[in-house]
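See below for the structure under consideration.
Every number in this text was worked out from the coordinates using simple rules, so none of it is lab data. Nothing here was measured: the structure is a model prediction, and the numbers come from that model. In this analysis, Cβ positions are derived from the backbone assuming ideal geometry, glycine residues included, and neighbour counts consider all displayed protein chains.
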Amino acid sequence: MPAYAVIGGQWGDEGKGKVIDYLAGQCDSVVRYAGGNNAGHTVVNERGEFQLHLVPSGICWPGVTGIIGNGVVVNPDVLLGEIDGLQERGIDTSRLFVSDRAHVIMPYHILLDELQEQARGRGAIGTTGQGIGPAYVDKVSRDGIRVGDLLDSKHLPEKVRNAVAMKNRIIAGVYGSEPMDGDQVLARCQAWAKQLEPQVCATEQMVQDLLDQGKRVLLEGAQGTLLDIDHGSYPYVTSSSPSIGGAVTGLGINPQSIKGVVGVFKAYSTRVGGGPMPTEMLGQAGDELREKAHEYGTTTGRARRVGWFDAVAGKYSRQVNGYTGMVLTRLDILDGMDEVKICVGYQVDGAELGRFPANTTLLERCEPIYETMPGWQEPTASVTEVEQLPADALAYVRRIEELVGCEAQIISTGPSRDETIAIDRVIR
Ligand code: GDP
Ligand code: IMO
Ligand code: MG
């Protein structure tokens, strides 16, 4: 009954999609457990390049079941659009299932996300604008509409009309914005119900059955540990639990079934949206790295903030998740640099701080303490054997392993599935 989790080790966009597509061929099922279409996972393989927002990143493998679990918030328009797009490209989506317990991102959630961000002004989080936060708020306040509710044609009209009436009081009363038409929202829900029905089921039972049958289940993390609602740089976080705890509650599995937890880390750091980032490279150096790495968001197209690898945050991420190994991606982006830096500690007012702080204003004041290592001029791009790595590149990887506290099982040297160095088996 082995489940293996692939978790974002940093602030998201570490290359989880690439890693999941690579590993999914050895698995029976790939399962999303948290977040929604704020995620943008890129997969590049012999079928082409795919940007996936809700559909699990193992979809290109025939025979792999894709599951969207109860912990995910689902925008049905996005999901249905994504399914259509995949089908047009000849990808089989018949083995894709959605939990009846997953919450629906309603049109008013998207509007409220925008209105709340405007109201935050200079303190805006820089959300993806997809209604993620407001949808999770309704889940927790027990006012949400779940995928299963869409199929309950008898009770749906009253539920939706009541929800829209409640939200209109906030939309108009608090924000002075245009109220929504309850009947129009209801009509959209009814249309979604028809289209989604064949794919809706009790996915927690399905996942448990797969595990009982000894099938290999890959748990697909979205976002990253430093964006976790509890463990991230609050309030500049998302509204779900991307870390390992989210996989347990977001699917209804027991922790004993999880045999491996891999943290995916970029060989440097990026972050989209607001909030502190101690190793951020500003000015020309940052611009150069961003352009070289083409660091622009998969979901929103926004420029990603870039910086050196932060091993203080990396160690913290390992502690939160209990990584059994890591995947280091985008090593190739650092090819050709004279030197590379790793943040090995934080300093605040001249004193060293031992760990990643909970307090965001403190994190903002953290000055990174850097260790500088020689760069490498020979390319790592597309390398597939660890022996072919330049010695200085391997030394850099080894130092990151040491500081984070776990070994690299995979090194990724390019976006494509085959640009991968397998050091140790993740799926056993
Ligand atoms: P995710 O959200 O964690 O799945 O990551 P994204 O897909 O948002 O962003 C990662 C980007 O890096 C995508 O454009 C990938 O195609 C690309 N990528 C993944 N691994 C590598 C790698 O090892 N080298 C390079 N150059 N690109 C990579
Ligand atoms: P993947 O799965 C990077 C960030 C947003 C914003 C904050 C809150 O592709 O790694 P939200 O819309 O979730 O309320 O926004 O979280 N964010 C991500 N950043 N990658 C992601 O997903 C992200 N999902 C959310 O930029 O700062
Ligand atoms: Mg992404």
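Some values worked out for this structure:
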quantity	calculated
Sum of side-chain charges, THR372 neighbourhood, beta-carbon under 13 Å (Lys, Arg +1; Asp, Glu -1)	-2
For the range 16-137: span of alpha carbons on each principal axis (Å, largest first)	46, 28, 24
Fraction of beta bridges assigned by DSSP in the chain that are antiparallel (%, nearest 5)	40 percent
13 Å beta-carbon shell around SER269, net charge (K/R +1, D/E -1)	+2
Sparse-neighbourhood loop sites, GluC sites (Glu not before Pro) in the range 17-111 - DSSP loop, at most 16 other Cβ within 10 angstrom	GLU46
Fraction of antiparallel bridges per DSSP, the range 1-151 only, in percent to nearest 5	40 percent
Residue-wise HN-Hα coupling along the range 278-290, computed from phi with Karplus coefficients 6.51, -1.76, 1.60 (Hz; x: Gly, Pro)	x, 9, 4, 9, 9, x, 5, 4, x, 4, 5, 5, 4
Restricting the range 132-232 to trypsin sites (Lys or Arg not before Pro) in coil, as DSSP defines it, with at most 13 other Cβ within 10 Å	ARG142, LYS154
Principal-axis tilt of helix 391-404 within the chain, Cα atoms, nearest 10 degrees	60 degrees
Contact order relative to length of the chain, as percent, for alpha carbon pairs under 8 angstrom and 6 or more apart	20 percent
Distribution of pairwise C-alpha distances over the range 4-47, 5 Å bins, in %	5, 18, 33, 28, 13, 3
5 angstrom amide H check on ASN75, placed H, neighbours 5+ away	ASN37, ILE105
Rg in Å to one decimal, and Dmax rounded to a whole Å, for the chain via C-alpha atoms	21.5, 67
Placed amide H near GLY126: partners under 5 Å, 5+ positions off or other chain	GLY274
Value of [θ]222 nm, deg cm²/dmol, for the chain, DSSP H segments ≥ 4, -39500 (n - 2.57) each, nearest 500	-10000 deg cm²/dmol
Note, ³J(HN,Hα) from phi for the range 235-243, Karplus 6.51, -1.76, 1.60, rounded to Hz, x at Gly and Pro	x, 8, 9, 8, 9, 10, 10, x, 7
Ranked packing of 386-398, 405-417, most packed first, by mean Cβ within 10 Å	405-417, 386-398
Globularity ratio of the range 173-291, using Cα Rg and 2.2 N^0.38 Å	1.52
Taking the C-alpha atoms of the range 16-76, convex hull volume expressed per residue in Å³	79 Å³
Phi to ³J(HN,Hα) by Karplus 6.51 cos²θ - 1.76 cosθ + 1.60 over the range 78-87, Hz, x for Gly, Pro	5, 5, 5, x, 5, 4, 4, x, 5, 4
Isotropic mean projected area of the C-alpha convex hull, the range 291-405 (nm²)	8.8 nm²
Other-chain or far-sequence residues with amide H under 5 Å of GLY224's (modelled H)	GLY12
Gap separating the Cα centres of the range 277-319 and the range 130-197, nearest whole Å	36 Å
Global geometry of the range 138-227, whether rounded, prolate or oblate, following the gyration tensor of its Cα atoms and the 1.5 cut on a/c	oblate
